[in-house]
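Please treat every number below as a calculation from the coordinates, not as lab data. Quantities reported herein were computed from a predicted structural model and do not represent experimental measurements.
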Amino acid sequence: MIDAILATADSALRTIFATPHASRACPTVPERATELSQAEKAQAGALMRVNHVGEVCAQALYAAQALGTRNPALRAQFERASAEEADHLAWTHQRLDELGARPSLLNPLWYAGAFGLGLLAGRLGDRISLGFVVETEKQVEAHLQGHMDALPVGDHASRAIVAQMQADEAQHASEARHAGAIELPGPVQELMRAAAKVMTTVAHRI
């Protein structure tokens with residue numbers, strides 16, 4: 001348990017303060033160069049900052065859920081998903097740099113809040129924890145589709161990243177369903193949507 005706690009703390013520090021590195025190449029659209037005006041760069045930067053915050057939260061959620069489960073197979077599943085989400089973290093961080101934008105100043109707060117939610121879900125049992133994954137990924141998919149609609153049409157670089165992220169989130173949700181997830185009650189789903197709305201609204205600016 002001490003080793004697990006130390007590893008979780010190390011993951012938190014790396015997520016918040018270190019430059020992330022991806023295990024997969026950043027998605028691109030071949031032969032489609034991205035040329036944006038300053039206004040379009042600002043718009044894309046704000047949207048990618050929100051996506052980056054989402055990946056900070058994903059790292060926290062999966063770390064907490066892996067810590068909370070006593071099932072070694074499920075812990076390994078959470079860790080695999082976390083590794084793929086780490087690619088998203090690196091891609092969005094890189095894209096922010098390319099757009100001349102910065103990550104959210106509140107990332108430590110977002111991480112702490114998401115970690116608390118993930119730990120609570122884990123303590124409520126594996127099937128509920130998996131249900132939390134399904135609902136989270138479902139909402140993230142919808143959120144990413146909204147960003148595909150809002151990103152500048154010519155921002156092929158950001159669009160390629162978001163498209164791959166959507167595909168990965170759908171896979172994580174599918175894996176959680178097959179592992180035994182239960183559907184969360186409607187009020188819980190609404191509460192999660194409300195919390196996500198607060199996060200995305202604030203992160204868009206700060």
Inset, instruction - Calculate for the chain the 222 nm mean residue ellipticity that helices alone would give, adding -39,500 (n - 2.57) per DSSP H run of length 4 or more and normalising by residue count, nearest 500 deg cm²/dmol. - result: -27000 deg cm²/dmol
Legend entry - Angle between the chain longest axis and helix 186-203 axis [Cα atoms, degrees, rounded to 10]: 40 degrees
Legend entry - In Hz, Karplus ³J(HN,Hα) per residue of the range 49-60 (6.51, -1.76, 1.60; θ = phi - 60°; x = Gly, Pro): 5, 4, 5, 5, 4, x, 6, 4, 5, 4, 4, 5
Inset, instruction - May I ask you to derive the relative contact order of the chain, considering only C-alpha pairs under 8 Å and at least 6 residues apart, and to give it as an integer percent? - result: 29 percent
Inset, instruction - Provide, in order from the shortest bin, the percent of all Cα-Cα pairs of the chain in each 5 Å bin, continuing until the bin that contains the maximum pair distance. - result: 1, 8, 16, 21, 20, 16, 10, 5, 2, 1, 0
Inset, instruction - For the range 42-150, just the Cα atoms, rotate onto the principal axes and tell me the three extents in Å, largest first. - result: 44, 25, 21
Inset, instruction - May I have the pair-distance distribution P(r) for the range 37-100, computed from all Cα-Cα distances with 10 Å bins from 0 and rounded to whole percent? - result: 23, 39, 22, 12, 4, 0
